[in-house]
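Enquirer: Pasting a structure below so you can have a look.
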Amino acid sequence: MKKTLLMIILCGMLLFGLSGCGETSTDTAGKVQVGVTYYNQTDTFLGELIDCFKNSLEEHNTGELEVTAMVREAAGSEKTQNEQVRELIDAGCNVLCVNLVDRADPSEIIDMARESDIPLIFFNREPVEEDMLQWEQTYYVGAPARQSGQMQGELAADVIRDGGVDRNGDGRIQYVILEGEADHQDAIIRTESVVNTLQEKGVELEKLDYQIANWNRAQAQNRMRQMIGQFHDEIELVLSNNDDMAMGAVDAYNALNYTEENRPVFFGVDGTAVGLQAVKDGDLAGTVYNDKEAQANVMAQLSVALVTGEGLDAIAFENERYIYVPYLKVDQENVDTFIERSEARPE
């Protein structure tokens, strides 16, 4: 009886051990499941960035590591985005990448990530510092907003210096601004820094108007038509917070059949495929390249490192939580280089 009882105990222990091995084999240690939610699919730059990010994640797939992504678009709704984050967590994602609908109110998303102990990477829309400090596993990947305005101002100053922009010859440049969003940090900083840079370069400015167009080409066309109706051919310079709105301004002049001699010069930001082609064609005098390839690469590297625990030392952080990728100036002299770079990206 004692021998029989001992055999039963030993068999039970063996079965328990085998069961434990089975659980280990299905563990997520070899899987990186990235949950992505972004604010609006109408944003051309974000669409291109998401495509680059998915391609970069695929490059981390190996025989020992499986990397997958679930991508959701929030259609501009904070409530929808919060629900998407919960869905992505419930689906088993072990790292989150969030492009905020409302950069000033990420607390619910941070709380969900912290409660589930899932690292959180904000991208493109930077939360305020106080929110970033709510949890130690919160990171940000983006570009320095002030630099985009400075570079746009430098591009515009070069063109103005070459002559032809001051059509009325009054020694001042009459300009309008198309701003991305009300109270959006990047939009405010871009607007301030481009104007400051032009003034520092010795350009005399006269602001005629500014309009909010929510990063959207169609809205920008409508806003630009309103300003043309008010100022007619007085506008000499259009400064836009992104390429889509700059192209909307060009659309407005095209629709009204303005000749080249009576148009202002246009500048954008982002270096989207459409924006780059517009620089090549001469519709835009310049843009500032928001390096989506580099941002996508570092987002993928960080996502994998946070899950696997390997490779974090190779990432250059600012203040332990932030990664900023520099902008690059684009004009007609170098635009072909950037077009080739974008076209080389896998579809």
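The values are calculated or read from the model by the stated rules, or taken from the named source; none is laboratory data. Remember, predicted model here, so these are calculated numbers, not experimental data. No Cβ is skipped: glycine too gets one built from the backbone with ideal geometry, and neighbour counts run over all protein chains shown. With ligands, DNA and RNA removed, areas are computed over all heavy atoms of the protein, side chains included. Shrake-Rupley method; radii C 1.70, N 1.55, O 1.52, S 1.80 Å.
Enquirer: Return the total of residues in the stretch 173-232 being within 26 Å of Phe45 (Cα to Cα), among the polar types (S, T, N, Q) and touching a residue at least 60 places away in the same chain (Cβ under 8 Å). Write out each step before concluding.
Expert: In the first step, residues of the stretch 173-232 are kept if they are within 26 Å of Phe45 (Cα to Cα); the result is 175-198, 209-227.
So of that shortlist, the ones also among the polar types (S, T, N, Q) come out as 185, 191, 193, 196-197, 211, 214, 216, 219, 221-222, 226.
Checking which are touching a residue at least 60 places away in the same chain (Cβ under 8 Å) leaves us with 185, 216.
Looking only at that region, the number is 2.
Enquirer: All but one of (1) surrounded by fewer than 22 Cβ atoms within 10 Å (Cβ to Cβ); (2) more than 28 Å from Val194 (Cβ to Cβ); (3) polar (S, T, N, Q); (4) touching a residue at least 24 places away in the same chain (Cβ under 8 Å) hold for Ser56, so report the exception by its number.
Expert: Exception for Ser56: condition (1).
Enquirer: I need every pair where a residue in the stretch 91-118 that is farther than 18 Å from Tyr322 by Cα and touching a residue at least 24 places away in the same chain (Cβ under 8 Å) has its Cβ under 8 Å from the Cβ of a residue that is open to solvent by 30 Å² or more (accessible area, probe 1.4 Å) and hydrophobic (A, V, I, L, M, F, W, C), sequence separation at least 6 or different chains.
Expert: Short answer, once both residue conditions are applied: Ala91/Met70; Cys93/Met70; Asn94/Val307.
Enquirer: Residue pairs, Cβ under 6 Å, 6 or more apart or interchain, first in the stretch 299-311 and at negative phi, second among the polar types (S, T, N, Q) and not in a helix (DSSP H, G or I). List them.
Expert: Val307/Asn94
Enquirer: Also: Would you kindly identify the strands (runs of 3 or more DSSP E) lying entirely within the stretch 284-347 that contain at least 2 residues that are closer than 21 Å to Met247 by Cβ?
Expert: Values: elements: 287-289, 322-324, 328-330.
Once the strands (runs of 3 or more DSSP E) in the stretch 284-347 are filtered for at least 2 residues that are closer than 21 Å to Met247 by Cβ, what remains is 287-289, 328-330.
Enquirer: Sticking with this structure for a sec: Out of the strands (runs of 3 or more DSSP E) lying entirely within the stretch 179-280, which hold 1 or more residues that are aromatic (Phe, Trp, Tyr) and touching a Leu at 6+ places or on another chain (Cβ under 6 Å)? Break it down stepwise before answering.
Expert: On the way: elements: 205-212, 237-240, 265-267.
Counting at least 1 such residues, we get 265-267.
Enquirer: Okay, moving on. Can you tell me which residue within the stretch 50-73, out of those that are part of a helix (DSSP H, G or I) and of a type in the set (A, V, I, L, M), is farthest from Leu306 (Cα to Cα)? First the steps, then the outcome.
Expert: Pass one, the stretch 50-73, residues part of a helix (DSSP H, G or I): 50-58.
In the following step, the residues that additionally are of a type in the set (A, V, I, L, M) were identified as 50, 57.
Values: Ile50: 19, Leu57: 13 Å.
Restricting to residues being part of a helix (DSSP H, G or I) and of a type in the set (A, V, I, L, M), the top hit is Ile50.
Enquirer: When you scan the stretch 106-128, how many residues do you find that are more than 25 Å from Ser193 (Cβ to Cβ) and outside any helix (DSSP H, G or I)?
Expert: Residues of the stretch 106-128 more than 25 Å from Ser193 (Cβ to Cβ): 107-121.
Now narrow it down to the ones that are outside any helix (DSSP H, G or I): 116-121.
Final tally of qualifying residues: 6.
Enquirer: What residue, among those in the stretch 73-107 that are among the basic types (Lys, Arg) and farther than 16 Å from Thr138 by Cβ, is most open to solvent (accessible area, probe 1.4 Å)? Let's see the steps before the verdict.
Expert: If we filter the stretch 73-107 for residues that are among the basic types (Lys, Arg), which is where we start, we get 79, 86, 103.
Retained after the next criterion (residues that are farther than 16 Å from Thr138 by Cβ): 79, 86.
Numbers: Lys79: 138, Arg86: 83 Å².
In this case the residue turns out to be Lys79.
Enquirer: Also, quick follow-up: So which of Tyr289, Tyr327, Tyr253 is within 30 Å of Met224 (Cα to Cα), open to solvent by less than 50 Å² (accessible area, probe 1.4 Å) and in contact with a Gly (Cβ under 8 Å, 6 or more places away or on another chain)?
Expert: Working: Tyr327 fails: in contact with a Gly (Cβ under 8 Å, 6 or more places away or on another chain); Tyr253 fails: in contact with a Gly (Cβ under 8 Å, 6 or more places away or on another chain).
Answer to the check: Tyr289.
Enquirer: Another question, then. Which residues, taken from the stretch 14-49, are at pLDDT below 85, of a type in the set (Val, Ile, Thr) and not in a helix (DSSP H, G or I)?
Expert: Of the stretch 14-49, the ones at pLDDT below 85 are 14-29.
After this cut, where a residue has to be of a type in the set (Val, Ile, Thr) as well, the list is 24, 26, 28.
Selection gives Thr26 alone.
Enquirer: Output the residues belonging to the stretch 112-127 that are on the phi < 0 side of the Ramachandran plot and open to solvent by 50 Å² or more (accessible area, probe 1.4 Å).
Expert: Arg114, Glu115
Enquirer: Among the numbered criteria (1) surrounded by 19 or more Cβ atoms within 10 Å (Cβ to Cβ); (2) more than 30 Å from Pro127 (Cβ to Cβ); (3) out of contact with any Leu (no Cβ under 9 Å at 6 or more places or on another chain), which one does Gly163 miss?
Expert: (1)
Enquirer: Please go through the stretch 129-141 and give me each residue that is more than 26 Å from Glu48 (Cβ to Cβ) and either in a loop (DSSP other than H, G, I, E, B) or open to solvent by less than 30 Å² (accessible area, probe 1.4 Å) (or both), ordered by number. Please lay out each step first, then the result.
Expert: Keep residues of the stretch 129-141 that are more than 26 Å from Glu48 (Cβ to Cβ), which gives 129-131, 133-137.
Within the stretch 129-141, Asp131, Leu133, Gln134, Trp135, Glu136, Gln137 meet the criteria.
Enquirer: Only one of (1) touching a Lys or Arg at 6+ places or on another chain (Cβ under 8 Å); (2) at pLDDT 95 or above is not met by Gln185, so which one is it?
Expert: So the condition that Gln185 fails would be (2).
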